[in-house]
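Participant: What follows is a single structure, and I will ask about it in a moment.
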Amino acid sequence: MISYSSRAEMPVITETVANMLMQAGIKTEIKMYTWPGMRDLTKKGEYDAYTVFWTPEMTGHPDTHLKAHFSSNSNMTQSGYGNAELDDLLVAARGLDAGAERDAAYQKILQIIHQDAPIMPLVHKVYVAASHKGVKNFRVHPSGFFFNFKEVWKE
């Protein structure tokens, strides 16, 4: 199992997964790399499993993340996953306006992803923000994790 150590939580997450696999009788060796080093190995397919931290940009459209991770033509993951029906649905859904038809299309997409399980989400990070009455113009992005401190000041 490979991962990268430039994010403090990655070694801990990777070790936890490896320990769970070993408890299930699956021998696991961990190798930590830099982000580019790990990506080079995943692009070559030189891994059995890898853990990554993915911070999605909140765009308000489901296609952004689904296409990136599950389209056969995506370069986001090098898992080798491909599903022609899913690819066709992603293309069709991308062109639909918000509403019942688009919702139904993405529900079908999610059903296929759930059934195929090409990746396994492990952790959902919860972001906490605090402020004080003397801090002015501090706002948290609706996603919870994009902070713009350029316009923030303390009185």
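Participant: What number of residues in the stretch 16-54 are small (Gly, Ala, Ser) and under 18 Å from Tyr81 (Cβ atoms)?
Facilitator: 2
Participant: Shifting gears a bit: Please state which of the following conditions His132 fails to meet, knowing it meets all the rest: (1) surrounded by fewer than 12 Cβ atoms within 10 Å (Cβ to Cβ); (2) not assigned by TED's automatic domain parsing to the domain that holds Glu155.
Facilitator: With (1) surrounded by fewer than 12 Cβ atoms within 10 Å (Cβ to Cβ); (2) not assigned by TED's automatic domain parsing to the domain that holds Glu155 applied to His132, the lone miss is (2).
Participant: Pull out all pairs, ordered by first then second residue, where Cβ-Cβ is under 6 Å, the residues are six or more apart or on different chains, the first lies in the stretch 110-136 and is of a type in the set (A, V, I, L, M), and the second is exposed (fewer than 10 other Cβ atoms within 10 Å of the Cβ).
Facilitator: Here the result reads Val135/Lys154, each pair linking the stretch 110-136 to a residue that is exposed (fewer than 10 other Cβ atoms within 10 Å of the Cβ).
Participant: State whether the residues of the stretch 34-43 include one that is assigned to a loop (DSSP other than H, G, I, E, B), at pLDDT 90 or above and under 30 Å from His141 (Cα atoms).
Facilitator: yes
Participant: Within the stretch 102-150, take every residue that is outside any helix (DSSP H, G or I) and among the hydroxyl-bearing types (Ser, Thr, Tyr) and give me the one that is modelled with the highest pLDDT.
Facilitator: Ser131
Participant: Could you tell me which residue of the stretch 72-101 is modelled with the lowest pLDDT, considering only residues that are among the aliphatic types (A, V, I, L, M) and surrounded by fewer than 10 Cβ atoms within 10 Å (Cβ to Cβ)?
Facilitator: Among them, the one singled out is Ala98.
The values are calculated or read from the model by the stated rules, or taken from the named source; none is laboratory data. Keep in mind that what you see is a predicted model, and the values were worked out from it rather than measured. Glycine also receives a Cβ, built like all others from the backbone with ideal geometry; neighbour counts cover every protein chain displayed.
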